[in-house]
1. Can you pull the accessible area of Ile58 for me, 1.4 Å probe, Å² to the nearest 10?
2. In sequence order, what are the phi-derived ³J(HN,Hα) couplings for the stretch 131-143 according to the Karplus relation 6.51 cos²θ - 1.76 cosθ + 1.60 with θ = phi - 60°, rounded to whole Hz, with x for glycine and proline?
3. Which FRET efficiency value, to the nearest 0.05, is calculated for Glu120 and Lys53 with the Förster distance at 25 angstrom and r the Cβ-Cβ distance?
4. Where does each of Arg137, Arg89, Arg100 land when they are ordered by accessible area, with a 1.4 Å probe and the largest first?
5. Compute, for Tyr166, the solvent-accessible surface of its heavy atoms (probe 1.4 Å) with the complete set of protein chains present, and express it in square angstrom to the nearest 10.
6. As a test question: what accessible area, to the nearest 10 Å², does His43 have when a 1.4 Å probe is rolled over all protein chains in place?
Amino acid sequence: AKSEKAYEELKENYLIIKNINKKNLNFEKNKKSNILIEGDNLHALSSLNYSHKESVDIIYIDPPYNIGSKSKPDFYYDDKRVDEDDPFRHSKWISFMYKRLKLARELLKENGIIYISIDETEIHNLKLLCDEIFGWRNFLSNIKLKVKAGAGVGSKDSFLQDVGEYILIYK
């Protein structure tokens, strides 16, 4: 199986997080700070593990939802969009997420918390994956959010309509 490009790049290069002044959040000296990182999440998590291992209080991750939509590609593996008809779509997504969640786990303090957004496509796989990485006893909550307008059960367009997403929370 071909490895994803982002993973292969880490074998050959050390990636550095750069401060971009025009995007500076203007934090006060000697106070706790927050970091907003734009870029490939595997690269960012790997870089942060050199400087922030076991020192992060809170992580929020909004991963690709693996919906396989041709009109809105959201998940790439092996540098190609994973098609909704790919029989290995879910296992590719799990492999993709496993690397990132392991790195995120290494960043968290002992009492740190991670929040992970997801929809119904991979909620069950993500829960099992997080139980393995963070430990099932460290599961805190599964919050369901209404993020789309809709009448829900009994609407004219559909008998059942899912209008939500989830946030899994682990410590």
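The values are calculated or read from the model by the stated rules, or taken from the named source; none is laboratory data. Being a predicted model, the structure only gives us computed values, none of them experimental. Positions of Cβ are backbone-derived with ideal geometry, glycine not excepted, and every protein chain shown enters the neighbour counts. What goes into the accessible areas is simple: the full protein's heavy atoms, side chains included, and nothing from ligands, DNA or RNA. Shrake-Rupley method; radii C 1.70, N 1.55, O 1.52, S 1.80 Å.
1. My reading of the accessible area for Ile58 is about 110 Å².
2. Taking θ as phi minus 60°, the curve returns 4, 6, 6, 9, x, 4, 6, 8, 5, 9, 6, 10, 9 Hz for the stretch 131-143.
3. Values: r = 33 Å, r/R0 = 1.34.
After rounding to 0.05, the efficiency reads 0.15.
4. Arg137, Arg89, Arg100
5. Taking all protein chains as shown, Tyr166 has close to 40 Å².
6. 40 Å²
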